[in-house]
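Read the structure below first, then the notes.
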Amino acid sequence: MTQEEKITLVTDTGEKVEFYVLEETRINGINYLLVTDSEEEEEEGDCYILRDHSDEKEQDAAYEFVEKDEELEYLFRIFTELMSDSDVDLCR
């Protein structure tokens, strides 16, 4: 299975990095994405949780990596539950 939605992030140094969206959710008015760097299901890839920190008036979303352990743990549990019916295994 190939993930359908792909996003491209631009780093502070101008480098473009592509990720494939596995799931998204909105919590307390903030959008979060669960993304992977692997396009194919058979491949093991790293997963990341991104937080949208853009202003609602902005046309393009601006994402940042969630890095705080407590927030990551909370979001990981939510995304694990959301992904429980899929054939994607999330591991820590």
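The values are calculated or read from the model by the stated rules, or taken from the named source; none is laboratory data. Everything numeric in this text was worked out from a predicted model, so none of it was measured. Please note: Cβ atoms are built from the backbone with ideal geometry, for glycine as well, and neighbour counts cover all protein chains shown. Note: accessible area is taken over every heavy atom of the protein model, side chains too, but ligands, DNA and RNA are not part of it. Shrake-Rupley method; radii C 1.70, N 1.55, O 1.52, S 1.80 Å.
Things to note:
- Test: TYR20 is in a strand (DSSP E or B), open to solvent by less than 30 Å² (accessible area, probe 1.4 Å), within 15 Å of LEU72 (Cα to Cα) and touching a Lys or Arg at 6+ places or on another chain (Cβ under 8 Å): no
- Checklist (1) over 17 Å from ILE7 (Cβ atoms); (2) part of a helix (DSSP H, G or I) applied to LYS57, failing item: (2)
- Unmet requirement for ARG77, which otherwise passes all of (1) of a type outside the set (Phe, Trp, Tyr); (2) under 13 Å from the mean Cα position of the chain (by Cα); (3) open to solvent by 40 Å² or more (accessible area, probe 1.4 Å): (2)
- Subset tally (residues that are assigned to a loop (DSSP other than H, G, I, E, B) and in contact with a Ser or Thr (Cβ under 8 Å, 6 or more places away or on another chain)) for the range 23-40: 1
- Failed condition for ASP69, given (1) open to solvent by less than 90 Å² (accessible area, probe 1.4 Å); (2) over 12 Å from the mean Cα position of the chain (by Cα); (3) not aliphatic (A, V, I, L, M): (1)
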